[in-house]
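Structure first, commentary second.
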Amino acid sequence: MNIYQHFSVVGFCNTYLVARKEGSDALLIDPGHVDAELINLIEANRYRLKHVLLTHRHPSHTEGLGTLKKIYDVEVHASAFSSYEFLYHPIEDAEILQLCGLEIEVIHVPGHSLDSMVYRIDHALFTGDTLLCGRIGSTPGYREQALLISSINQKLMSLDENILLFPGHGTASKLRIERMFNHDLLQLGKIETERQNWREDE
Amino acid sequence: MAMFSFKTCSHPHCHTYVCGQGDYCFRHSVNQEQLYQDCVDRLTGSDDIIDYSLTGSEFEDLTLGKKTISASNMAWCTFRNVDFSQVTLLNSFFDFCLFEKCKFNRIISRYSVFSGSKMIDCDFSGSMIMHTNFSGIDTLRCSFSDCDLYFSTFNSSYLRDTDFEDCNLKKTDFVYTDRRRISYRYSNWEEARF
């Protein structure tokens, strides 16, 4: 499987181009901003862009869609909880999509937004704004934060720890790394306080 | 570019990615010596390395050739006195490794992962290290001076006697780090996350 990561300073979003092999049908995850670099990535590797997966409705993950749809005839897949001004294929939790020769498992992880979806393709997890490197996605309140943490623990942390994590913002990671170091999931507030008391000359 | 085969070890209950083109990971391979030598040859040679996995091995006194290592996994390895200075790292995983007296001067690293690694006397100075994951690392006498660390993350790490002088720290993440004797002199630390 080929995974290309594209970063745009507009919205600071990671867009992923995923294909089974070079020159095959391909899909894009979260086209936050479509620029010449992204188009070049698709064209230079002779991909036929067929599908777009959206992790959630926030502009930094969807804003490039208008430009993209003018260039490519793509089918958009997004949560059934979302509403868009264009036609799209609504998807639900635990659905298995067969797109571009890839098997994609849809995992609904609410909390950051009600429509937050995570996509698992083989050993790669595209988490959008649910689980980021070292932290979880922002939430509007404590209730949503608790929902997000429990959703992540129930639905993502039970997966194989060698799974690679490709978040919507920031750096790539592995599930094992997040289990060990993600402070928001570990909720280690007390340890942080104790650290202040450690000897300075340590 | 990243190309991942994601093929896991055939040994019962082992989920580690296979080593090379075989059916087993390095730990469960019967021909470990051959795999190790093949890996050393790849590292020291000049050909790019793409989609290669070798975990839990030890490397000492090597100078890596000028190459790009992409979509590769060398987690749980030990590197002693290894010179990575001419290497470009893309989407590569060096998590939970031990790096001792290693040189990473003027490397280019994007979307790579060093999380959970212990680094002693390592020099990253003069490098372009963007979108790179250093969360949970443990450093002692390391230098990241004169580096572009844009969007890299050091969260939950334990940093000792480590310099970040004259660095670009825009959007660099130092949240929940334990820092002792760290220098941010001449760096734009105001633009980092603490």
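The values are calculated or read from the model by the stated rules, or taken from the named source; none is laboratory data. The structure presented is a predicted model; accordingly, all values stated were derived computationally and were not measured. Please note: Cβ atoms are built from the backbone with ideal geometry, for glycine as well, and neighbour counts cover all protein chains shown.
Details
- In segment B:92-106, the residue that is farthest from the other protein chains (Cβ to nearest Cβ) out of those that are buried (at least 23 other Cβ atoms within 10 Å of the Cβ) and in a loop (DSSP other than H, G, I, E, B) is B:C102.
- Flag if A:L53 is farther than 24 Å from A:G137 by Cβ and either crowded, with 21+ Cβ neighbours inside 10 Å or over 12 Å from the mean Cα position of the chain (by Cα) (or both): no
- Among (1) within 11 Å of another protein chain (Cβ to nearest Cβ); (2) surrounded by fewer than 20 Cβ atoms within 10 Å (Cβ to Cβ) - the single one B:V113 does not satisfy: (2)
- Matching residues, segment A:1-47, being among the charged types (D, E, K, R) and in a loop (DSSP other than H, G, I, E, B): A:R20, A:K21, A:E22, A:D30, A:D35, A:R46
- For segment B:92-111, the criterion of being within 27 Å of B:D47 (Cβ to Cβ), of a type outside the set (A, V, I, L, M) and in contact with a His (Cβ under 8 Å, 6 or more places away or on another chain) is met by at least one residue.
- Elements of type strands (runs of 3 or more DSSP E) contained in segment A:116-190, each with 1 or more residues being buried (at least 20 other Cβ atoms within 10 Å of the Cβ) and in contact with a Pro (Cβ under 6 Å, 6 or more places away or on another chain): A:124-128
- The conditions of being over 17 Å from A:H183 (Cα atoms), more than 11 Å from chain B (Cβ to nearest Cβ) and not basic (K, R) are met by A:S113.
- Within segment B:123-132, one or more residues are crowded, with 20+ Cβ neighbours inside 10 Å, under 21 Å from B:D83 (Cβ atoms), within 14 Å of another protein chain (Cβ to nearest Cβ) and touching a residue at least 12 places away in the same chain (Cβ under 8 Å).
- When segment A:88-99 is limited to residues that are hydrophobic (A, V, I, L, M, F, W, C) and either modelled with pLDDT of 95 or more or assigned to a strand (DSSP E or B) (or both), the one that is farthest from A:A124 (Cα to Cα) turns out to be A:I91.
- Taking the criterion of being of a type in the set (K, R) and away from chain A (no Cβ under 14 Å), the residues of segment B:133-188 that qualify are B:R141, B:R185.
- Complete set of residues in segment B:67-91 that are touching a Cys at 6+ places or on another chain (Cβ under 8 Å), under 21 Å from B:C19 (Cβ atoms) and in a strand (DSSP E or B): B:T78, B:F79, B:R80, B:V82
- Of the candidates A:H6, A:H89, the single residue that is of a type outside the set (A, V, I, L, M, F, W, C) and away from every other protein chain (no Cβ under 14 Å) is A:H89.
- Within the set A:P31, A:P59, the sole residue that is closer than 16 Å to A:L99 by Cβ and of a type outside the set (D, E, K, R) turns out to be A:P31.
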